[in-house]
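A short reminder: the numbers here are calculations on the coordinates, not readings from a lab. Because the structure is predicted, anything quoted here is derived from the model rather than measured. FYI the Cβ positions are ideal-geometry reconstructions off the backbone, even for glycines, and counts take in every protein chain you see.
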Amino acid sequence: MIGFFKLKEHGTDAKTEIIGGLTTFLTMAYIIFVNPMILSDAGMDKPALITATCLAAALGTFLVGLWANVPFAMAPGMGLNAFFTYTLVLGQGLDWKTALGVVFVSGVVFLILTVVGIREKVVTAIPVELRIATAAGIGLFITFIGMKNLGLIVDNPATLVSIGPISAQVLIGLATLILITTLEARKVKGSILIGIAFATVLGIAFGKVGMPETLVSAPPSLAPIAFKLDILAALRWGFVGAIFSFMFVDLFDSIGTIVACSYEAGYVKPDGTIKKIDKVLEADAVATIAGSLLGTSTTTTYIESASGIGDGARTGLASVVTGSLFLLALFFAPLIGAVPGFATAPALMIVGVFMFRNIKEIDFKNLKVAVPAFLTMILMPLTFSIATGLTIGFLSYILIAICCGEFKKISPVMWVVGLLSAINLVVSVTH
């Protein structure tokens, strides 16, 4: 089995791959706690979501490791789960079953685009500034949700939001945020996971969290959410914008992660092309389709894979190790279910920081791209909708280019993107 991964050919060994796989798991294990917390707000069964999250992560990670033989890991994506819950279900009033159908359809479309090679044209058609703004805007949105869940900010009829009361939960959350930041600055592996555990222990010590009756048990049943998706309802014309938004965010999230990790692992050829990128994207799309059947939002490639690569991982054996650990986590569902919202809130905030840090690449002196990028970023948290930020960002970019007489800058693909954005805006306003 180990020979399948061609370890010697990649200049590695089994021990290094195992360590790399463990490192990747530790840095991204927070998703086991955070994803069920976010999706349960959509009315889904939280224990079942723990199982779905672990299975989707294991399946996607096994798939990319065995199919592409790369040390990448997959799991339900941050930002994509927020879009599912806060934009589609709570924002647009969709039933979560229909929202799962939207995830399924977007995964199928993404797979088709990948197989026929159109995804390259989509990637090149979107200005770099808008790609960066999308990640940064989702970072702001996730941070906003984290602060809301923590109770750090609350609604205010006069100012829309204001600072909340400084409760024990808020103090624990802020202390956890400082701890995670300190650990990250010191390059400690698994800092977010350590922070979640720290906040949970403090919550138990101060009587804010109840102890689980048992630490280990059989995995929770998937029955409340598995195969409950409503694909026919998701095929309505009004959901074109939502499907596009899922596909767009997943596409650029995956592309950005794959490129970054590929440079780290030495997969980039002299001409700039990346080995096996098509297989990775295909695995990503298949994992999204499978995840929607299991009952979770879009699965994507995780940037935390770079931590395992940094520890020497170079083959899919590391991914098999990571995926196996996600399966093992299934048996600790009682412990995972006991983690409170104020323990995962700092994780959302720090992930928001990670997603925001590439904003320096945007040229804010060039207003023709700076304004669309800024609108993309700021409208995601202010409208509580990732789709709205994308829609206004794309439309404003096209309109500004038209007003400046720069029609040639708008590619045919970008015109299609603009049309889909306009449809999404009309549907959202008239909903």
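Some notes on this structure:
- Debye intensity ratio I(q)/I(0), log10, region 278-421, q values 0.10 Å⁻¹ (C-alpha model): -0.58
- For LYS148, the lysines whose Cα comes closer than 22 Å to its Cα, not counting residues fewer than 8 places off in the same chain, are LYS46, LYS208.
- Anchor LYS189: lysines whose Cα lies under 21 Å away (excluding residues fewer than 8 positions away in-chain): LYS15
- Peptides 65-71, 212-218 ranked from most to least packed give 65-71, 212-218, packing being the mean of other C-beta atoms within 10 angstrom over each peptide's residues.
- Euclidean distance between Cα centres, region 399-428 to region 2-49, Å: 38 Å
- Label zone at GLU184, where the point sits 7 Å out along the Cα-to-Cβ direction: region 132-170 residues whose backbone N lies under 19 Å: 132-153
- Of all the options ALA75, ALA205, ALA52, the one that moves most in a Gaussian network model of the chain with Cα springs shorter than 10 angstrom is ALA205.
- Between region 351-387 and region 290-322, the Cα center-to-center distance that results, in Å: 27 Å
- Using the alpha carbons alone, the radius of gyration of the chain stands to its Kirkwood radius in an Rg to Rh ratio of 0.96.
- Estimated D of region 147-231 in µm² per second, where Rh is the Kirkwood radius over Cα pairs and Stokes-Einstein applies at 20 °C, 1.002 mPa s: 134 µm²/s
- Taking amide H positions as modeled 1.01 Å from N, with prolines and chain starts lacking one, the residues under 5 Å from VAL161 and 5 or more places away or on another chain are ASN156.
- For ILE153, the amide hydrogen comes within under 5 Å of the amide hydrogens of LYS148, GLY164, counting only partners 5 or more places away or on other chains and with H modelled in the peptide plane.
- Rough spin-label spacing in nm, given labels placed 7 Å along Cα→Cβ, for LYS360 and ALA223: 5.4 nm
- The string of couplings for region 162-167 from the Karplus curve (6.51, -1.76, 1.60, θ = phi - 60°) is 7, 5, x, x, 7, 8 Hz, one whole number per residue in order, with x for Gly and Pro.
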